[in-house]
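Below is one structure; the comments refer to it alone.
The values are calculated or read from the model by the stated rules, or taken from the named source; none is laboratory data. Remember, it's a predicted structure, so these values are computed and weren't measured experimentally. For neighbour counting, all protein chains shown are included, and Cβ atoms are generated from backbone atoms with ideal geometry for every residue, glycine included. For the accessible areas, the whole protein counts, side chains as well, though only heavy atoms, and no ligand, DNA or RNA atoms are used. Shrake-Rupley method; radii C 1.70, N 1.55, O 1.52, S 1.80 Å.
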Amino acid sequence: MTIGQLIRHTLLAAAVAVQREEARMPRRTKFSAALVVCLVSLLGYTGASHAEDNPVTAIDIALEPNAIMMGHAEAANARLREVYPKGYALDASHQPHITMLQRFVSTADLDKVYAAVGDVLAGEKPAGWALEAYKYDGVVWNGEGLTVILVKPTPDLIAFQQKLIDAVAPFTVATGTAAAFFTTPEEPDINQSTIDYVTKYVPASSGANLMPHVTVGVVSPDYMKTLIAEPFDAFTFAPSAMSVYQLGNFGTARKKLEAWEFKP
């Protein structure tokens, strides 16, 4: 039972108990009983907004980089936030990652999605992949410069992505709404660009269009262009884990749903 369902159940039980005694209650108490019933009605409406009650979830199947990339990503994020304080910080709910696949899936099938991803992963050895980060890049997204570190695509990454696409296909739905994403009272919004990106991820960002990257934050579009123009010292790193996240705004990895740690 979800929190919303538990509250509705409790309030409904209270309303029934109060209404049984209505005949002996003064008018003010009868009003209280009516208020409880109204609250039950309202919760029946708003409870559907809880992520766990939504029939569709926006997911990101992602490789998590080792400490080498994490250090570079955190340094870049600190630099962006120094000049653009309203940008988000990299933390446990904005985890640096390399997206392999973004999809809308049936929430009821999430356990099947995890099992399918695990089956694909069992036949791969991502911990042994040497990945090269080679430049900054970015795109103006909803008026802000979404800034990334680009990673060179490899045959291993492209083949791995296709296996994931095929494995998740039975549970994929065509599109979703903002309700499919992770939000908080402090960050309640999901922009349309984010919804569209997930909807069109296959084929727009798959196969020959795969552009592996680690998102490091947002900044003004002008500063993003300045950063992209700077020389970049390429470096090599490896994946250390793989996770399925519920996506947030700007394609951020907000809520970890399942994870697999890689052994060296």
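Miscellaneous remarks
- Amide N proximity, region 106-121 versus residue 166 label position 7 Å along Cα-to-Cβ, cut-off under 12 Å: 120
- Residue 257 long-range amide H proximity, modeled H, under 5 Å: 244, 245, 246
- Exposure of residue 111 as accessible area (Å², to 10), given a probe of 1.4 Å and all protein chains: 120
- Carbon and sulfur %, accessible surface of region 122-210 computed with the full protein complex present, 1.4 Å: 56
- In plain terms, the chain from residue 156 to residue 89 could stretch by 21.1 nm, reckoned as 0.36 nm per residue minus the Cα-Cα distance.
- Take the Cα of residue 229, step 7 Å toward its Cβ, do the same at residue 106, and the gap between the two points is 5.2 nm.
- Pairs from the list 135/255; 152/255; 152/263; 135/256 with a Cα-Cα gap above 25 Å: 135/255; 152/255; 135/256.
- Sum of side-chain charges, residue 101 neighbourhood, beta-carbon under 12 Å (Lys, Arg +1; Asp, Glu -1): 0
- Between residue 184 and residue 209, full extension at 0.36 nm per residue minus the direct alpha carbon distance yields a gain of 5.8 nm.
- Residue separation of residue 129 and residue 222 scaled by 0.36 nm, minus their Cα-Cα distance, works out to 30.0 nm of gained length.
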